[in-house]
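First the structure, in the form of structure tokens, and then the observations on it.
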Amino acid sequence: MTIQGWILIFVFVGILLALAKPVGLWLFTLYEGRRTPLHAVLGPVERGFYKLAGINPDEDQSWRRYAVHMLLFNAVLLVFTYAILRLQGILPLNPLGYAGVSDHLAFNTATSFTTNTNWQSYGGESTMSNLSQMLGLTIHNFLSAATGIALAFALFRGFARREAKAIGNFWADVTRVTLYLLLPICIVYALVLIANGVPQTMAGSVDVTTLEGVKQTLALGPVASQEAIKMLGTNGGGFFNANSAHPFENPNAFTNLIQMLSIFVIGTGLTYCFGKAVGNTRQGWAILTAMMILFLAGVTITYWQEAAGNPILHQLGVAGGNMEGKEVRFGIAASALFAVVTTAASCGAVNAMHDSFTALGGMIPLFNMQLGEIVIGGVGAGIYGFLLFAILAVFVAGLMVGRTPEYVGKKIEGREVKLAVLAIAILPLIILGFTALSSVLDAGLAGPLNKGPHGFSEILYAFTSGVANNGSAFAGLTANTPYYNALLGIAMWLGRFFIIVPMLAIAGSLAAKKHHAESAGSFPTTGGLWVGLLVGIILILGGLTFLPSLALGPIADHLAMIRGQLY
Amino acid sequence: MTRTAPKSIFSAELIVPAIGDAFRKLDPRQLIRNPVMFVTAVVAALLTILLVIGNDPLSFGFKLQLVIWLWLTVLFGTFAEALAEGRGKAQAASLRATKAELTAKRLKGKGSDYESVPASALRVDDIVLVQTGDLIPSDGDVVAGVASVNESAITGESAPVIREAGGDRSAVTAGTRVISDEIRVRVTVNPGQGFLDRMIALVEGAERQKTPNEIALTILLVGLTIIFLIAVATIPGFASYAGGAIPIAILAALLITLIPTTIAALLSAIGIAGMDRLVRFNVLAKSGRAVEAAGDIDTLLLDKTGTITIGDRQASEFRTVGGTKVEALAEAALLASLADETPEGRSIVVLAREQFGVKVADLPKGAEIIPFTAQTRISGIRHNGSIIQKGAVDSVLKANPGVGETAAATELRRITDEIARQGGTPLAVAMDGKLLGAIFLKDIVKAGIRERFAELRAMGIRTVMITGDNPLTAASIAAEAGVDDFLAQATPEDKLVLIRKEQEGGKLVAMCGDGTNDAPALAQADVGVSMNTGTQAAREAGNMVDLDSDPTKLIEVVGLGKQLLMTRGALTTFSVANDVAKYFAIIPAMFIVLYPGLAVLNVMGLKTPESAILSAIIFNALIIPLLVPLALKGVKYRPMGAGPLLARNLAVYGLGGLVAPFIGIKLIDVVVNGLGLA
């Protein structure tokens, strides 16, 4: 580990924390539906959309109505993208003349982008037309992100409102987040990327002669625009197969830093926004602190392991850390940090191959996802997932102060506990269930390229990434098969909506409750004790479930490496 | 005050029957009420079958031990519940016996003709006659007569109490005995719904409903069980990838150690014991919900008299007006009070004798007493041709119209205000139409009550004093006692308004009361404790009844509610934290055949895989009986703010729960290997 490496990590965290409040305040303005300076320009566009769709943005929706509208919206988008992918061969903007995508891949990809996962069983530049990329996929990058933030707003309203029947209007939330948050930032962001050399063109490819005198075809396309929302919306689906390791997606150290920041920035802002919404910003800071502790612990382990490198290679005289699968222009620290950021959040963009990380270095990204991506997490999804754990933490330990547990003034009772457990249990059920299934079926066993515990990690990582809606790949797994495409598609769908629906039910149930005034006898949900408790409960309830799978995957892998065996 | 000496939880008298009950409770229909223990029993049964027909590399002795410890885990849970119920059952039996012998003298019409019927034949609005020596057959209101009643069957208090028609002491309870005079009682409940029935059901815990909090906790435990079931059920798949197989017995052991058996086994015992503590404290809660609500209270409304001040005011000073000598005032006051048997009257006599050496020993011959009446609000004495009057200042002035404009009257009013500001009540004394001065009756704030309120404040509970006094007096007493707020000249309607206001502000409110006009406020309060001496209406309205009729108990009731919730929380946290060590015991033991390198996870250095698994399962079983005393007695409760309380309990039960099993499992492993069990 180097000083420069740690400086990068602390600069990253410092900028992030400095952005939490301004971004949080902007989000809070949208949460409240208040006017922003951008309304002067975009206000008519917003109203135009409502008029066109016949929507009354002031209609307050019950949680059920909110959920149904959200589900219908996503189902329609899923079908739309499926159709575009299947039909891309006969649709325009297809300079390289790609044929339509296979049914299982189209299902997998449409689900993947609808659920903000952006798992890619395909190589973008060799499979998708420009129309598919821009209309079929990028649209989800905006709308799945906006959906996530809207859902977080709905849950915030559940905590903040008192004896209310409704939790906001889904259409208004999605439209406002898209117009006043994602779109403006992305326009500026894309221009910055273009200035740094990221292509933005409708051309399909360009032929160049390399220094060695060889002719090479370089794929091009509208990369910068997709790149911006890919990061900001924690989508992660790259234009190119190599994702952010590709020099056209992520050319230099500066773009690498802003890409990492843009993954976390909205999620961080949402913690502040939560505090504002419930009337006590310390509540938001407490959550952010707990997240940062988990994050920095992960970064430390991964960086340490990657910097320590592989003892077997050391014996062979290859000194230094583990550079396999990493880009030389980023190095170990920036790659380790990127890997932890992208899996802590539900992004899934990669600037290095996680499969080539050391066993324990690669276990942290895996574990981050198994926790449900609640360390900052996907835009919106991170904070609502985290709040589910907060509800459980309050319930487990809250009784110890001799009162019915309450969180930010709302009593946590049987209904909330039931729904939170339901939402959280979907992670182990699908991750462990599908991994176990794939460990015994021939179709599943055909996937991993490696043997032993490392191969097991590849399967485990794929389903974890799918259910957690991350989308990063461990690589090393041949996933573009009917079996994996179908199973991963299902995993992504369940992992998104089987958490969202109970979560919205909690929002509805909380909104209807009375607000309970805070006193010296109330369970403290700010301060160090609470932060420590949250971290403990998340590790025990969220993490312990996966210990057997981790023991048989990365841990066994690591121990074998120490004993001189590689897989 | 005390019923019977509380039996120790661990007396043979309670333990022996509990062992029998522990086996009876294995009935699946009962067991399913506790899903986690039900799962444990199912797994134990499954392993018992596999013991006979199973085909795996494990030795029979090892599997037999696993099966035994699994069954013991279940039995320890049912035993804990049976033990908690034990004390109540004995009490219920004696109450049942009382109930069985009740007969009634039901009146036929207005006269005194009656027929003898069993108590079970009585219906609401029947009128029954209860004479000296009779047991009162049903709950009801006295409609005629006055009697002294021994209520020891219910309250344990053997000093008789007065029950009379009208007013706030009209309620009588079935099973209590009239020991003098006779009364007519209007029946207010139908058979099976009376106080006695409720008490039997309560102490016996037979129809114990799970409380909201307990239900929520059960849901969490079921959820955790499902999650761990998933975690364990998928292991065979993983193991098959690694090219091995894990015997079912070992998977079963992992499952049972991971699911929260500790808290699940003790959960109902904690609830029963909590109610039992309340009963032994002579408070009957009509539902477990009320006990939980007591823990959540934010605002306590406390009656001044009897709670904050000792019930009786004491004379503390004589203040003269118009140049009267203080000795003269003392003597006059004494004479006027000699026949006054109220505590205030007696305290005046004591003060006059002790401070001023007034020698009058007994009522002088020929003196004529002027009795206190509600109309005049004055009492006094005619003696040697003089008339001495003593009473409320306004009343005395009214009774002596001539003095109204004198300087003495002005001075008296000034003194009166001063006394009120100091938290006292003034009584004026006049002799032959001339004002002598005032007696300062002081409210005596109970010793130690100030500290109690400080504790409550630290716990985040606001105290509001309710008093009929004027605002000046109330403010002074409030300051002296250290309550947070007060409601002066309070009418029952004011109380109701105050409760509603607090509740609208998101607070939970507790109060106690006894009169019929307290009933609406008792019903509105989240916790309403009615006094057993109170009216039937008040007893119906509240959700708890204090058999000792001691309003101070409201504070303890809050403490008991908190203790119940804390005990549950502490054991849940302990149970969940235990899982870390159990993982570290079983995972390496289970997977070592697949990847020998995983032996490094065996941080406890357990000797063999078999002994590791056995030790974990033994620890998991033994921790239940070890925690039974804690579950039944409740965790130690100290009044303090939520922050320090959480820090303390997290350190003890969170950190303790993390560390204890590492030590425990290691020790058991040493013993298991020492005895050659694995």
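The values are calculated or read from the model by the stated rules, or taken from the named source; none is laboratory data. The shown structure was predicted, so the numbers you read here are calculated from the model rather than taken from an experiment. Note that we place each Cβ from the backbone using ideal geometry, even for glycine, and neighbour counts take in every protein chain shown. Side chains included, ligands, DNA and RNA excluded: accessible areas come from the protein's heavy atoms. Shrake-Rupley method; radii C 1.70, N 1.55, O 1.52, S 1.80 Å.
Values as computed for the structure displayed
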{"read-out": "Taking the range A:27-264 and dividing mean pair separation by its residue count, relative contact order in percent (alpha carbons under 8 Å, at least six apart)", "value": "21 percent"}
{"read-out": "Contact order normalised by residue count of chain B, Cα under 8 Å, 6+ apart, percent", "value": "15 percent"}
{"read-out": "Across A:Lys410/B:Lys446; B:Lys325/B:Lys365; A:Lys411/B:Lys446; B:Lys210/B:Lys553; B:Lys359/B:Lys434, pairs whose alpha-carbon gap is larger than 27 Å", "value": "A:Lys410/B:Lys446; A:Lys411/B:Lys446"}
{"read-out": "Stokes-Einstein diffusion coefficient of the range B:526-592, Kirkwood radius over Cα pairs, 25 °C, 0.890 mPa s, in µm²/s", "value": "159 µm²/s"}
{"read-out": "Cα gyration tensor shape for the range A:1-145, rounded if a/c is under 1.5, else prolate or oblate", "value": "oblate"}
{"read-out": "Rounded to 10°, Cα long-axis angle of helix B:326-337 versus longest principal axis of chain B", "value": "70 degrees"}
{"read-out": "Counted charge near A:Thr29, where neighbours are those whose Cβ lies closer than 12 Å (Asp, Glu -1; Lys, Arg +1)", "value": "+3"}
{"read-out": "Helix-only CD estimate at 222 nm, as mean residue ellipticity for the protein assembly as shown, using -39500 (n - 2.57) per DSSP H run (n ≥ 4)", "value": "-18000 deg cm²/dmol"}
{"read-out": "Beta bridges by DSSP in chain B, antiparallel share as percent, to the nearest 5", "value": "75 percent"}
{"read-out": "Total accessible area lost when A and B pair, probe 1.4 Å, Å² to nearest 100", "value": "4900 Å²"}
{"read-out": "Label-point separation in nm, B:Glu341 to A:Val214, each point 7 Å along Cα→Cβ", "value": "11.8 nm"}
{"read-out": "Label point distance in nm, B:Val497-B:Asp181, each placed 7 Å from Cα along Cα→Cβ", "value": "3.7 nm"}
{"read-out": "Estimated FRET transfer efficiency (A:Asn196, A:Asp442; beta-carbon r; R0 56 Å; 0.05)", "value": "0.75"}
{"read-out": "Partners for A:Lys21 among aspartates and glutamates (Cα-Cα distance below 18 Å; same-chain residues under 8 apart left out)", "value": "A:Glu32"}
{"read-out": "Peptide A:433-440 - average C-beta neighbours from other chains (10 Å radius)", "value": "5"}
{"read-out": "Net charge over other residues, Cβ less than 15 angstrom from the Cβ of B:Gly402 (K, R count +1; D, E count -1)", "value": "0"}
{"read-out": "Cα-based convex hull, the range A:244-350, per residue volume (Å³, whole number)", "value": "94 Å³"}
{"read-out": "Of all accessible heavy-atom area on the protein assembly as shown, the percent that carbon and sulfur account for (1.4 Å)", "value": "62 percent"}
{"read-out": "Å² per residue, accessible surface of chain A at 1.4 Å", "value": "32 Å²"}
{"read-out": "Inverse mean reciprocal Cα-Cα distance (Kirkwood Rh) of chain A, Å", "value": "23.8 Å"}
{"read-out": "Pairwise centroid distance, computed over Cα atoms, of the range B:533-558 with the range A:527-558, Å", "value": "48 Å"}
{"read-out": "Cα centroid of the range B:382-399 to Cα centroid of the range B:105-141, whole Å", "value": "47 Å"}
{"read-out": "Nearby lysines by direct alpha-carbon distance to A:Lys51 (threshold 26 angstrom, same-chain neighbours under 8 apart not counted)", "value": "A:Lys165"}
{"read-out": "Cα→Cβ-extended label distance, 7 Å offset, between B:Asn470 and B:Ser112, nm", "value": "4.9 nm"}
{"read-out": "Rel. contact order, % - alpha carbon contacts under 8 angstrom, at least six apart, the range A:255-350", "value": "28 percent"}
{"read-out": "Cα gyration tensor category, rounded, prolate or oblate, for the range B:309-444 with a/c compared to 1.5", "value": "rounded"}
{"read-out": "Sorted peptide list for B:543-556, B:180-193, criterion being average Cβ within 10 angstrom, highest first", "value": "B:543-556, B:180-193"}
{"read-out": "Ranked by how many other beta carbons lie within 10 Å on average, peptides B:581-591, B:246-256 from highest", "value": "B:581-591, B:246-256"}
{"read-out": "Qualifying lysines (Cα of each under 18 Å from Cα of B:Lys63; at least 8 residues distant if same chain)", "value": "B:Lys607"}
{"read-out": "Buried on assembly, the range B:236-263 (at least 40 Å² less accessible surface than by itself, 1.4 Å probe)", "value": "B:Phe238, B:Tyr241"}
{"read-out": "Rule-of-thumb Rg ratio for the protein assembly as shown [Cα; 2.2 N^0.38 Å; N residues]", "value": "1.16"}
{"read-out": "Solvent-accessible surface (1.4 angstrom probe) belonging to A:His246, in square angstrom, nearest 10", "value": "40 Å²"}
{"read-out": "Probe 1.4 Å - accessible area at A:Phe12, Å² to nearest ten", "value": "0 Å²"}
{"read-out": "Kirkwood hydrodynamic radius over Cα pairs of chain B, then Stokes diffusion coefficient at 37 °C and 0.692 mPa s, in µm²/s", "value": "111 µm²/s"}
{"read-out": "Distance from the range B:45-96 to the range A:450-515 (C-alpha centre basis), Å", "value": "39 Å"}
{"read-out": "Exposure of B:Asp432 as accessible area (Å², to 10), given a probe of 1.4 Å and all protein chains", "value": "80 Å²"}
